1. Is it the case, given these coordinates, that ALA39 is of a type in the set (A, V, I, L, M) and at pLDDT below 85?
2. Check whether at least one residue in the range 97-106 is modelled with pLDDT under 80 and touching a helix residue (DSSP H, G or I) at 6+ places or on another chain (Cβ under 9 Å), and report yes or no.
3. Check the range 54-74 and report whether any residue there is surrounded by 12 or more Cβ atoms within 10 Å (Cβ to Cβ), at pLDDT 75 or above and more than 19 Å from SER123 (Cβ to Cβ).
4. Taking only pairs six or more apart or across chains, which ones have beta-carbon atoms under 7 Å, a first residue in the range 17-41 that is free of Cβ contacts under 8 Å to residues at least 60 places away in the same chain and part of a helix (DSSP H, G or I), and a second residue that is surrounded by 10 or more Cβ atoms within 10 Å (Cβ to Cβ) and among the small types (Gly, Ala, Ser)?
Amino acid sequence: MMMRLQKGFTLLEVLITVIILAVGLLGLAALHNLALTNAQGSHHHTLATAYAYDALDRIRAGENAGAVQASFADPRYSNNFPGGLTVNIAVGGDGNVTVTVNWTDDRLGDGGESSQNQVVVRSRI
């Protein structure tokens, strides 16, 4: 009995290769989605920090805390955040100012729940 030399791949080898490739591509797609979500969260955090420092600059320029807080009702600010944006300003008698920016993001929570985010900036005027 003479042995034949195998040429090419068997159907089982091709099937296993396709399954391994499919699992790898699904993992890559999930990783890409997670990277986009985290990048968006970082963007919101950066914007919130910029808005907090903008409020501090307005107070330093002589605007009172109520006017600064009312200025954040502007849709240019709140429309950049999926769950809306609230800005709280506390001006102490000793010259210390605390600006707290809060927003909710449904995309960053695990399992569909909302993620509460906050940026707090403190300064002395």
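The values are calculated or read from the model by the stated rules, or taken from the named source; none is laboratory data. None of the values given here were measured: they were computed from a predicted structure. Every residue, glycine as well, gets a Cβ built from its backbone with ideal geometry; the counts of neighbours run over all protein chains shown.
1. So ALA39 fails the test.
2. Yes, the conditions are met somewhere in the range 97-106.
3. The answer is no; no qualifying residue exists.
4. none
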